[in-house]
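First comes the structure, then the notes that go with it.
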Amino acid sequence: MSPDPNKESRIAWLPDLFYTGGRFERGLALVSDAAGRIVKIAGADEVRDEKKVRLSNRAMLPGMINAHSHAFQRVLRGRTEFRGGLLPALSGGSPTLNAADSFWTWREMMYSAATRLTPEDIYDASRMAFLEMTLSGITAVGEFHYLHHAPDGVPYDDPNLLAKEVVRAANDVGLRIALLRVAYARSGYQTGPNPKQQRFIERDPEIYLKNLERLIGDVTRGTSPSVREGSSSPAKDGALPNDRANAPHTSIYVGIAPHSVRAVPLDYLREVTAYANEHQLQVHMHVAEQPAEVSACVEEYGRTPIALLDTEGLLSERFTAVHAIHVTAKAIPALARARAIVCACPTTERNLGDGVVPADQYFKQGVAVCLGSDSHAQIDLLEDARELEYHLRLQKLERAVLDGGNPTVREGASADESGKGTLPNGRVSALATSLFDCATTNGARSIGAAGGALEAGRPADFFTVALDDPTIAGASPNNLLSSILFASTRAAVREVVVGGRPIVSEGQHLIQDEVIERFNELQKNLWG
Ligand SMILES: [Zn+2]
């Protein structure tokens, strides 16, 4: 019998342990086709004509989804860790050493960096952030992109030049991207213009929507730089970027991101959200990150941000509230009713002193939580996942606060079905499973990606961990996820595959050296 040619173009990936439905199993193979889609999960002894890739001493898990990123902020890492105002290198002045430091002083420093970056700098900084994401097992990112214009505030000839630089960076690194194009109209309610925000501002919703449509069109037609230059992005097959059902392997999606209730007045917000609803686009928005944002909203509208969004009918199942820290008791059922998602960014929130996301309340009341690395003070989504729990332990003086489960968005599975119970050699932790769902399935739903789980029809996006890594050695299949989630570091991540294409091998990204070299040069030019 001659071999089946279709099967010959398929790859059977054979790890020692395979993560499925909240637990690890032995003897399974993931079979992907030439388009990078998962054809089936089969018994390892059932694969015959497929090309076999043996992943010895490895456990395979679905790639993680980083639902909230500002890639360019990677340039700030380690540069703001002191008490004070403006950075001397950027402002030419001395820091105010005895001034209180907060989100707001950090923001001024961030703006100072944001106003100096060229399009090529943004590409280099984004590539660095995205490369680091892949090395930690992330396979898709939601990029909340708000740098639109030249440093003097004048639009570029192509109003999406910088967005396309970010998309190009993601493509060149091999990461899937949802470009969440930010609408930003003003500094705030009764607040004068801040010249450092002029790269972000599109005052008129018609201009914003025109530029958004142009971006979607360009990405669809494959005229964004890397697609045009023939990168390996599957988006060049002409599939609509947001047509996930027909193109689960598509690498680029576009969504809308009204920055916040502070930066986008209500009429503008209504208009862009109506557009998103009409076109079924994902909507991401910073909500209640800081108490000052909440009090300004109450002053302007007589309602808190979530009450405003709720009463205006702007919440939906495609809405992601980023941070949602300083919320009232009434806000949580409003998010739950709308099936909106909350994106927690614990590593950034602790770095900026934002506060603690009330994930226990969200879990309890049925609000799905996903995760983002946001400012990239650190890029490690497993750390974000464990901090979601650990911050609550410190606050409540209790352990396992989030045990009991987060509403997973995986069809047909509830938290209780996803692995809780006593098994022969130990107990599978429903807590670990819930936190991992935050980093995978919930993130995929938030950014509108088709990944997040290893099932037939989804893209072959996964990462492996080395079973002999010192941080997880000795774990049994039943408690392996807990070990990975609560103890492993990025060094345990060995292979990362996106759309059936390996981008990280033996813990090294294929273009790592060049990306780091270019980023070192950028930092030297930027900071001296
Ligand atoms: Zn953010």
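The values are calculated or read from the model by the stated rules, or taken from the named source; none is laboratory data. Given the structure is predicted, the values throughout are model-derived calculations rather than measurements. Counting neighbours? That spans all protein chains shown, and the Cβs are built from the backbone with ideal geometry, glycine included. We work out accessible area using only protein heavy atoms, side chains counted, and drop any ligands, DNA or RNA first. Shrake-Rupley method; radii C 1.70, N 1.55, O 1.52, S 1.80 Å.
Across the stretch 121-177, how large is the tail of the calculated P(r) beyond 18 Å, expressed as a percent of all Cα pairs? When all Cα pairs of the stretch 121-177 are counted, 32 percent exceed 18 Å. Residues whose amide H falls under 5 Å from that of Leu510, counting only those 5 or more places apart or on a different chain, are Ser505, with hydrogens built in the peptide plane. For the chain, averaging the sequence separation of C-alpha pairs within contact (under 8 Å, six or more residues apart) and dividing by the residue count gives a relative contact order of 19 percent.
Across the stretch 248-311, the relative contact order, built from alpha-carbon pairs under 8 Å that are at least six residues apart, equals 33 percent. How charged is the neighbourhood of Gly500? Take every other residue with its Cβ under 10 Å from the Cβ of Gly500, and add Lys/Arg as +1 and Asp/Glu as -1. My count for the surroundings of Gly500 gives +1.
Please report the carbon-and-sulfur percent of the accessible area for the chain; probe 1.4 Å, protein heavy atoms only, DNA, RNA and ligands left out. Provide the component values of the computation, followed by the final result.
Values: 9740 of 19510 Å².
Of the solvent-accessible surface of the chain, carbon and sulfur hold 50 percent.
Quick one: net charge around Pro333, please, counting Lys, Arg +1 and Asp, Glu -1 for every other residue with C-beta under 13 Å from its C-beta.
Values: positive: Lys330, Arg337, Arg339, Lys364; negative: Asp310.
Net charge around Pro333: +3.
Backbone phi angles across the stretch 196-206, fed through the Karplus curve with coefficients 6.51, -1.76 and 1.60 (θ = phi - 60°), yield HN-Hα couplings of 6, 9, 5, 6, 9, 7, 10, 5, 10, x, 5 Hz in residue order; Gly and Pro are listed as x. The loop-placed trypsin sites (Lys or Arg not before Pro) in the stretch 280-340, going by DSSP, that have at most 14 neighbouring Cβ atoms within 10 Å of their Cβ come out as Lys330.
What accessible area per residue comes out for the chain, rounded to a whole number of Å², with a 1.4 Å probe? Present the calculation step by step, with values, prior to reporting the outcome.
Values: 19510 Å² over 528 residues.
For the chain, the solvent-accessible area averages 37 Å² per residue.
Compared with the dominant Cα axis of the chain, that is its longest principal axis, helix 291-301 is turned about 60°. Rounded to the nearest 500, the 222 nm mean residue ellipticity of the chain from helices alone is -10000 deg cm²/dmol, with -39,500 (n - 2.57) taken per DSSP H run of at least 4 residues.
Can you give the local net charge around Asp469? Use residues other than it whose beta-carbon is closer than 11 angstrom to its beta-carbon, Lys and Arg +1, Asp and Glu -1. Walk me through the numbers on the way to the answer.
Numbers: positive: Arg58, Arg490, Arg494; negative: Asp468.
Taking every other residue near Asp469 into account, the sum is +2.
Need one word for the stretch 456-528: rounded, prolate or oblate. Basis is the Cα gyration tensor (sqrt eigenvalues a ≥ b ≥ c); a/c below 1.5 gives rounded, then a/b vs b/c decides. Spell out each step's value before the answer.
Working: a/c = 2.92, a/b = 1.61, b/c = 1.81.
Since a/c reaches 1.5 but b/c is at least a/b, the shape of the stretch 456-528 is classed as oblate.
Across the stretch 121-138, coupling constants 3J(HN,Hα) worked out from phi with the 6.51/-1.76/1.60 Karplus curve, θ = phi - 60°, read 4, 5, 4, 5, 5, 5, 4, 5, 4, 5, 4, 5, 4, 4, 5, 9, x, 8 Hz, and Gly and Pro carry x. Each 10 Å bin from zero up to the one holding the largest Cα-Cα distance in the stretch 3-59 carries the following percent of pairs: 26, 54, 18, 1. The orientation-averaged projection of the convex hull spanning the C-alpha atoms of the stretch 320-402 amounts to 5.0 square nanometres.
If you count the DSSP beta bridges with both ends in the chain, what percent of them are antiparallel, to the nearest 5? The antiparallel proportion sits near 45 percent. Using the average count of surrounding beta-carbon atoms within 10 Å as a protection proxy, the listed peptides 258-266, 467-475 rank, highest first, as 258-266, 467-475.
Let me check something: with ligands and nucleic acids excluded, how do Lys7, Lys364 order by accessible area (1.4 Å probe), largest to smallest?
Numbers: Lys7 55, Lys364 155 Å².
Ranking Lys7, Lys364 by accessible area, largest first, yields Lys364, Lys7.
Principal-axis analysis of the Cα atoms of the chain puts helix 103-114 at an angle of about 80° to the longest axis. Annotation for the stretch 295-392: GluC sites (Glu not before Pro) lying in DSSP loop with at most 15 further Cβ atoms inside 10 Å of their Cβ are Glu312, Glu317.
Here the contact order of the stretch 3-83, divided by its residue count and restricted to Cα pairs under 8 Å and six or more residues apart, works out to 32 percent.
By its C-alpha gyration tensor, with a ≥ b ≥ c as the square roots of the eigenvalues, how is the chain shaped: rounded for a/c under 1.5, else prolate for a/b larger than b/c, else oblate? Because a/c hits 1.5 or more and a/b exceeds b/c, the chain counts as prolate. For the chain, the longest principal axis of the C-alpha atoms and the axis of helix 266-279 are separated by about 30°. If you find the alpha carbon centre of the stretch 308-380 and of the stretch 177-223, how far apart are they in angstrom? Cα centroid of the stretch 308-380 versus Cα centroid of the stretch 177-223: 23 Å apart.
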